[in-house]
Every structure is written in C-alpha cells, then in structure tokens.
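Take a look at the structure set out below.
The values are calculated or read from the model by the stated rules, or taken from the named source; none is laboratory data. The shown structure was predicted, so the numbers you read here are calculated from the model rather than taken from an experiment. Here the Cβ is made from the backbone with ideal geometry for all residues, glycine too, and neighbour counts use every protein chain on show. Heads up: the accessible areas ignore ligands, DNA and RNA and are worked out on the full protein's heavy atoms, side chains in. Shrake-Rupley method; radii C 1.70, N 1.55, O 1.52, S 1.80 Å.
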Amino acid sequence: MLARVANNLFWMGRYIERSEHIARYLNVNYFASLDAPNELSQSRQFVLKSMLFMADDHSTNDEQLEEQEVLFDIALNPDKQYSIINYVKLARENANSARDLISTELYESINKFYHFVLNYPIDNFKKRGLYDFTVQVAEHVSILRGKIRGTLLHDEVYAIIMLGVNIERATQVIRIINSKYKDAVIAQGSYGDTIRNSYEWTTLLKCTESYDMMRRFYRQTPTSITTLEFLILNTDCPRSVMNSLNQVCKHILVLSTEKHPSKNSAAFLIGRVRAKYQFKVIEEIEVDLELFIQNILDDLNEIGMKLQREYFHY
C-alpha cells in the first residue's frame, strides 16, 4: 500500500469520528441547557461560547455572540475550517483517494453522508433544524462504523482506519471533558452545590453517549470523580480514553513487523503512552485536571505525528 493511500485512510477515519463528536456536542449542549438547574447554565451566551471552545479552541471573551451565526458556522459554514461540513468533505476526499481499498458499501454510505450535509437547507437549519441535522449526522456516522466493521477485511486497511478512529475518539473525548470542566468551573453546581456535583457532568456524559452506561455502572448521580473516572480510565466503556488507547495498541500490532518494537517506533510509543495512563487513579488526575488534559492531548498528538512519519510520510 502506498503511504499516501494509507494516510488517506487514516484521516478518513479521523474526520468521520470528529464530525460525530462535534454534532453531538452541539445537540446535547443546546437542548440540555434548556433544562439546566441554574441561570448561568441556561444562558445562551454561556452555551454558545462552550460550543465555540469545543469546536475551535475559541477563547472565551466578552463579545456578544449571535446564536444562528455560531450554530451555522460550526455546522454548515464551508468557510470555517472547524465546521462539520468541511470535515465530511475531507472524509469523502480521502475516501475517493483510497477508493480501490474500501468496500462499495462503505463508499456509498460516505457519499450519502456527504450529499446529506452538502444539500441540507441552510434556512431550515437556522430556523429549526439543529436537532434534525445533528441527530442525522450521528446516525450517518453510526452507519459508517457498521460498514467499516462489517464490509472490510480486518487487515491492514481496517487497522489503519481504526487507528484514526480511536486516536480521534480519545482526542475528542478529552476535548469535550476540557470544555465541560471549564463550564463546570464557571457555572458551579445548582442550589449551592459545589463543582463536584455540577449539572455539567451529566451534560458531559450525554455528549459522549455514556450517561446510561455510567448510571448502570455506579448506580448514582454523576459527580466529577465518577464521570472522569468512567470516561478516562474505565476500559469497558467504549467511549473512554483507555479503551481507545487499548484499541490503538491492538491495531498497531497489525502494521508493526517487529516482535519487540524498537524504542524509536510508533508501536513502542503507543505502548508507553498506554502504560503511562493504565495505572493512573482518578484522585491523582483530579488534583490538576487541566495539566492532565494538556499532557494527554500532547501524547495523542505525538502518537499521530509518529504514525505520520513512520507509515504515512510520502
């Protein structure tokens, strides 16, 4: 396989995963805020700044944001590089470049996804289409995941796509945690509760489709400790960072030809990063969550760059 084609497969997986997480973040934050238990969490400006921060690392400031403009920019504005429509376009372009290595079923599903987003009526979206658009984006991505898993040989092609999917999933979950942690610090809890019991932890779990799983696992209302432990360290949660790192370790072994990876290889780096977080405890992470978030984002970025140099450089 050409390195260029491998690169296309890797980024196709990443862009597909990224579009879903941003769509769900828009949906959950917008509609959850309508039932939020305190006035600040219900504030449109508070919600819009959170969305922009998640989508584009947008620093919070005092400028007045226009709701329709912000939602359009993140969802359907082709002039914004962080928009969902641009991520879907990039996923399709990468799929086009690797057309002979992916199944017809997967390619057709990507094409349907692309045309759905491209032709979504902008006026309808601005007036009342946020829920419909974001739910359908998430459903299209679920279909694509099924096509990847069910219509491709589980060989090098599958491994490369899944490397992209899982690295992106871990990255986006950490970015969502970062955004909601900042929201929780600002909004605090409701009815005099501390940040540990903030409503934002429930919103965070719903943003990652993990609320029901977490409630069944802990059998209690989400707190900062249980939410972060579940989304970062729980290996049985399919959305957790540790689960994604375990999947990355599994798929790199398909590509690596070394029985004992050398210290300069991507396989070695991935194993080292997994080991670094495998035996973390949540109390240690919570002491300085912002530093932990920065460190793990740096580690995930380093893995991506290492894979780029070792397998995808051309």
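State in Å² the accessible area per residue of the chain; use a 1.4 Å probe, count heavy atoms of protein chains only, and round to the nearest integer.
Numbers: 14570 Å² over 314 residues.
Accessible surface, normalised per residue, equals 46 Å².
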Expressed as a whole-number percentage, the relative contact order of the chain with C-alpha contacts under 8 angstrom and at least six residues apart is 22
When Rg is the radius of gyration of the Cα atoms in segment 1-131 and Rh is its Kirkwood radius, what does Rg/Rh come to? 1.05
So what is Rg over Rh here for segment 93-139, counting just Cα atoms and using Kirkwood for Rh? 1.11
Selection from Asn29, Val248, Met1, by position along the positive dipole direction of the chain (Cβ): Met1
Sequence order, segment 257-266: Karplus ³J(HN,Hα) from phi using 6.51 cos²θ - 1.76 cosθ + 1.60, θ = phi - 60°, Hz rounded, Gly and Pro as x, gives 8, 8, 5, 10, x, 6, 5, 9, 8, 5
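Got a number for carbon plus sulfur as a percent of the chain's accessible area, 1.4 Å probe? Walk me through the numbers on the way to the answer.
Numbers: 7020 of 14570 Å².
The nonpolar share, carbon plus sulfur, comes to 48 percent.
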Hey, what number do you get for the chain at 222 nm if only DSSP H runs of n ≥ 4 count, each worth -39500 (n - 2.57), divided across all residues, to the nearest 500? -22500 deg cm²/dmol
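In segment 121-229, which chymotrypsin sites (Phe, Trp or Tyr not before Pro) are in a loop and have at most 12 other Cβ atoms within 10 Å, using DSSP for the loop call? List each step's numbers first, then the result.
On the way: sites: Phe125, Tyr131, Phe133, Tyr158, Tyr181, Tyr191, Tyr199, Trp201, Tyr211, Phe217, Tyr218; in loops: Tyr191, Tyr199.
Here the sparse-neighbourhood loop sites are Tyr191.
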Just to be sure I follow: if Rg is taken over the C-alpha atoms of segment 224-314 and Rh is the Kirkwood radius over the same atoms, what is Rg/Rh? 1.01
Tyr131 and Gln308 label points (each 7 Å along its Cα→Cβ direction) are spaced in nm at 4.0
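Using a 1.4 angstrom probe with every protein chain in place, what is the largest-first accessible-area order of Phe116, Phe10?
On the way: Phe116 35, Phe10 0 Å².
Per-residue accessible area, sorted high to low, gives Phe116, Phe10.
Roughly what % of Cα-Cα distances in segment 52-120 sit above 17 Å, to the whole percent? Walk me through the numbers before you get to the answer.
On the way: 1196 of 2346 pairs.
Pairs farther apart than 17 Å: 51 percent.
Diagonalise the Cα gyration tensor of segment 154-291 and give the resulting equivalent ellipsoid semi-axes, square root of 5 times each eigenvalue, largest first, whole Å.
Values: eigenvalues 207, 45, 29 Å².
They are 32, 15, 12 Å, listed largest first.
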Phi to ³J(HN,Hα) by Karplus 6.51 cos²θ - 1.76 cosθ + 1.60 over segment 230-242, Hz, x for Gly, Pro: 5, 7, 9, 10, 6, 6, 8, 7, x, 9, 6, 5, 5
Cross-link reach from Lys80 to lysines, straight Cα distance under 19 Å and at least 8 residues apart if same chain, gives Lys49, Lys89, Lys126
Using distinct alpha-carbon pairs, which all enter the 1/r mean, Kirkwood radius of the chain in Å: 20.2
